[in-house]
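The values are calculated or read from the model by the stated rules, or taken from the named source; none is laboratory data. Note that the structure is a prediction, hence the values are computed from the model and not measured. Cβ sites come from the backbone with ideal geometry, for glycine too, and all protein chains shown count toward neighbours.
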Amino acid sequence: MTYSVKEIFHTLQGEGRHTGRAAVFCRFAGCNFWSGLEKDRAAADCSFCDTDFIGTNGIGGGKFKKPEDLAGAARKLWDDNTDEPEASPFIVCTGGEPLMQLDPPLIKAFQAAGFEVAAETNGSLPCPPELDWVCVSPKNLDKLVQVTGDELKLVYPQENVRPEDVAHLNFKNFYLQPLDEKGKDHTKAAVQYCRDHPKWRLSLQTHKILGIA
């Protein structure tokens, strides 16, 4: 298959369990919960997305015909941006919805290039078992099929999914992340929920706080 990638960039992971870890981000184009067009936002399964995932015109983006081509581009970016290229290469596959494109051949190509491979998904599609790290951020309970993984990261608050709806699922880490909503700050509510329910830990979007990509 041809892989359509919006952008590939080197940064620090800003959220969840791997906050602060150097990583290559591979953002795939397209999502099954929202077209990415403002005219469709109100009716989307995820109406609060803050990411541009339309097209392949971002930094490092494009269409890649072979898994090895995309893995090679990601590895070059890693090598060009670190003084210790063999120290824990890490790639985060995100979107949009990465599992619309992220398949076992590509995962294996990333791993052959030396990467630990993580995916950030809405959980509506099953994760390939080859993944090294699975982070699910539920947006619609009726479409949630990936109910196990390494990390459940729930945007809070949201109408369609409450923490108590997913706290029983088989994940190793549970994170509550305040909804980034214009004109509103949900941080205090998320902090209080984590204090009252110690199973949950607070996740902040540190990349936004720091002003990095």
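For segment 103-130, enumerate the residues that are over 12 Å from the mean Cα position of the chain (by Cα) and surrounded by 18 or more Cβ atoms within 10 Å (Cβ to Cβ).
Scanning segment 103-130 gives 106, 107, 109, 110, 113, 115, 124, 127.
Return the total of residues in segment 162-188 being closer than 18 Å to residue 46 by Cα and among the acidic types (Asp, Glu).
Looking only at that region, the number is 3.
Can you confirm whether segment 57-74 contains a residue that is assigned to a strand (DSSP E or B) and of a type in the set (D, E, K, R)?
Yes.
Within segment 79-97, can you find the residues that are more than 24 Å from residue 30 (Cα to Cα) and of a type outside the set (Val, Ile, Thr)?
79, 80, 81, 83, 84, 85, 86, 87, 88, 89
Can you name every residue in segment 39-68 that is at pLDDT 95 or above, surrounded by 14 or more Cβ atoms within 10 Å (Cβ to Cβ) and of a type in the set (D, E, K, R)?
Hits for segment 39-68 are 41, 52, 66, 68.
Residues of segment 6-38 being under 14 Å from residue 54 (Cα atoms) and not in a strand (DSSP E or B), which ones?
29, 30, 31, 32, 33, 34, 35, 36, 37, 38
Going by what's in this entry, would residue 31 be described as at pLDDT below 95, surrounded by 16 or more Cβ atoms within 10 Å (Cβ to Cβ), closer than 23 Å to residue 158 by Cα and not charged (D, E, K, R)?
no
With the requirement that a residue be buried (at least 16 other Cβ atoms within 10 Å of the Cβ) and basic (Lys, Arg), what does segment 151-190 give you?
Selection gives 153 alone.
Search segment 131-148 for residues that are exposed (fewer than 15 other Cβ atoms within 10 Å of the Cβ) and pair each with any residue that is part of a strand (DSSP E or B) when their beta-carbon atoms are under 6 Å apart and the residues are at least 6 apart or on different chains.
148/170
For segment 159-179, enumerate the residues that are over 20 Å from residue 49 (Cβ atoms) and touching a residue at least 60 places away in the same chain (Cβ under 8 Å).
If the condition is that a residue be over 20 Å from residue 49 (Cβ atoms) and touching a residue at least 60 places away in the same chain (Cβ under 8 Å), then 173 is the only one that fits.
Check whether at least one residue in segment 17-36 is without any contact (Cβ under 8 Å) to a residue 60 or more places away in the chain and either closer than 16 Å to residue 98 by Cα or touching a helix residue (DSSP H, G or I) at 6+ places or on another chain (Cβ under 8 Å) (or both), and report yes or no.
yes
Restricting to segment 1-53, give me the number of residues that are farther than 20 Å from residue 76 by Cβ, within 15 Å of the chain's Cα centre (by Cα) and aliphatic (A, V, I, L, M).
1
Would you mind stating whether residue 76 is more than 26 Å from residue 206 (Cα to Cα) and either charged (D, E, K, R) or loosely packed, with under 15 Cβ neighbours inside 10 Å (or both)?
No: the conditions fail for residue 76.
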